[in-house]
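Data first, discussion second: the structure below is written as structure tokens.
The values are calculated or read from the model by the stated rules, or taken from the named source; none is laboratory data. All of these numbers come straight from a predicted model, not from anything done at the bench. Because the Cβ atoms are built from the backbone with ideal geometry, glycine has one as well, and the counts that use them run over all protein chains shown. Just so you know, the surface numbers come from the protein's heavy atoms only, side chains and all, with ligands and any DNA or RNA stripped out. Shrake-Rupley method; radii C 1.70, N 1.55, O 1.52, S 1.80 Å.
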Amino acid sequence: MSLADPFTVAILSILGLSILGLPIGHAMIVSSTIYLFLAGLDMGTAAEQVLNGLHTSYVLLAVPLFILAAELMNNGSMTLRLLEFCNAIVGRFRGGLALVNVLQSIVFAGMSGSAIADAVGTGRMMQKMMTEGNRYPASFAAGLTAASAVIGPIIPPSIPIVIYSLVSDASIGFLFLAGVLPGLAMGLVQMALIVYIARKRDFPVEAPVPIRELPRITVRAFPALMMPVVLLGGIYGGITTPTEAAAVAALYALFISVFLYRSVTWKGTYTSVLSSARISISVGMLIAGALAFNYVVTVENIPNALKAYIGGFDLSTTGFLLLVNAILLVLGCLLEGTTILLIVIPVLIPTANELGVDMVHFGIVCVINIMIGLITPPYGLLLFVMSSISGANLNSIVREILPFLFAMLALLLLITLTPDFVLWLPRLFGYKG
């Protein structure tokens, strides 16, 4: 492959334009157009691929709707009521606020679908609560918040799972179900580690919430707690498609925040819509760029070439999944998760199908890998987000997050080697894989 090769020029163009500061989605569109020009193909094909891909992908409508639901929750009092509920349940134990941090991520996971939304929304509140009065070191609070935030996109709803469904044609409904047990297991592993660390480092015990207050706190949080029930009940009850359920989730968040809790004004609603539109546009441009570049990858026959190359190693299904873990963990340190889902995963799917890997199990393994990549040094995105929010030194955050990172890698290995653990719940609802 020479430097004059169109595909090489396209790759170098993406790298060069990204280094110069152009968003990766735009860089992929420009580079795909350059490739088509150098290859003597119709340059209009890039626009055709983008328009066809976005027009025919009804499932993509779920992404901006989940983002809108999360924005409405963050701007309202739903998040505060959920934090109050979580504190009433586990705040009374040693390291209670740290346990609350993980529990609220599990609860909030059923609503936002985004690790960044969790970290910036409830994570910012948890950072302030944990460091107030020097209860916990800022670096520990930041590292724990980053680690707990990755639970969100594993438990449904999940924007990464929606995008994986787009590239793999796997059922969103069964993918959502498949993420429940791994997500809960990740939360339990983190909480068990907190119990050990809290005793070792003598973290504080918070004043327990009186038992008589629990009914009142539960009632206050009940409408917010019902969000996952409304969302998943609609999907698995056959009432709505996943995309329609996302619309219902956004409408439900609007109704609860504006009319029931009365914590968001119409001006605040406009702000939430505007903010979610900006985020959706950035995600949409990334998807558009990936659609254009995926055409280039297809023209170059890279998926089949990779399938033939990996086939030369005569890997078993388990060996292939372990190799995928290694590849995605390395890429997760360097690339943004959506880019990996849109560019790298489609290249791996033909080989996975050839080896008989279940696409639902494969999707959960891929998503967990990508989420772990968000907290993996040196370039894990959540590390930088929490460093910015907390003001803590990046190196100190990395030191605090390492025990959680190793525990999550051990859980990832278990999930990779035991597909039945992932697929048990989907099969309970009729999945035949």
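Tabulated values for the structure
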quantity: CD proxy at 222 nm, helix term only [per DSSP H run n ≥ 4: -39500 (n - 2.57); per residue of the chain; nearest 500]; calculated: -24000 deg cm²/dmol
quantity: Accessible-area composition of the chain, carbon plus sulfur, in percent [1.4 Å probe]; calculated: 68 percent
quantity: Set of region 295-309 residues, backbone N closer than 17 Å to the point 7 Å along the Cα-Cβ line of Leu41; calculated: 295-306
quantity: Backbone N within region 248-291 under 18 Å of label point (7 Å from Ser18 Cα along the Cβ vector); calculated: 282-291
quantity: Accessible heavy-atom area order of Ser13, Ser388, Ser282, highest first, probe of 1.4 Å; calculated: Ser388, Ser282, Ser13
quantity: Principal-axis tilt of helix 394-417 within the chain, Cα atoms, nearest 10 degrees; calculated: 70 degrees
quantity: Sequence of Phe108, Phe93 from largest to smallest accessible area, 1.4 Å probe; calculated: Phe93, Phe108
quantity: Of Ile375, Ile327, Ile163, the one that fluctuates the most in a GNM where the chain has Cα springs shorter than 10 Å; calculated: Ile327
quantity: Potential extension, Arg201-Tyr270 segment - 0.36 nm per residue separation minus Cα distance; calculated: 20.3 nm
quantity: Pairwise label distance in nanometres, Trp424 with Leu251, each label 7 Å out on the Cα-Cβ vector; calculated: 3.6 nm
quantity: Eligible lysines near Lys128 by straight Cα distance, threshold 26 Å, same-chain separation 8 or greater; calculated: Lys200
quantity: Residue-normalised accessible area of region 173-249, expressed per residue, 1.4 Å probe, Å²; calculated: 48 Å²
quantity: Reachable aspartates and glutamates from Lys267, criterion Cα separation under 18 angstrom, eight or more residues apart if same chain; calculated: Glu71
quantity: Over region 176-218, equivalent-ellipsoid semi-axes from the Cα gyration tensor in Å; calculated: 26, 22, 5
quantity: Relative contact order of the chain, defined on C-alpha pairs under 8 angstrom at six or more residues apart (%); calculated: 24 percent
quantity: Kirkwood estimate for the chain, i.e. one over the average of 1/r between Cα atoms, Å; calculated: 22.5 Å
quantity: Highest-fluctuation residue, Ala70, Ala47, Ala138 considered, GNM on the chain with Cα pairs under 10 Å; calculated: Ala47
quantity: All-pairs alpha carbon distance profile, region 238-323, 5 Å steps from 0, percent; calculated: 3, 10, 10, 12, 11, 11, 10, 9, 8, 7, 6, 2, 0
quantity: Cα-based helix-to-principal-axis angle, 78-90 vs the chain, degrees rounded to 10; calculated: 60 degrees
quantity: For region 364-369, Karplus couplings with θ = phi - 60° (6.51, -1.76, 1.60), whole Hz, Gly/Pro x; calculated: 5, 4, 5, 5, 4, 4
quantity: Length-normalised contact order for region 315-421 - Cα pairs under 8 Å, 6+ apart - percent; calculated: 31 percent
quantity: Max mean-square fluctuation residue, GNM over the chain, Cα-Cα springs under 10 Å, options Ile310, Ile154, Ile211; calculated: Ile211
quantity: Relative contact order of region 216-361, defined on C-alpha pairs under 8 angstrom at six or more residues apart (%); calculated: 19 percent
quantity: Cα gyration tensor category, rounded, prolate or oblate, for region 306-352 with a/c compared to 1.5; calculated: prolate
quantity: Rounded accessible area per residue of region 1-69, 1.4 Å, Å²; calculated: 54 Å²
quantity: Eligible aspartates and glutamates near Lys307 by straight Cα distance, threshold 17 Å, same-chain separation 8 or greater; calculated: Glu354, Asp358
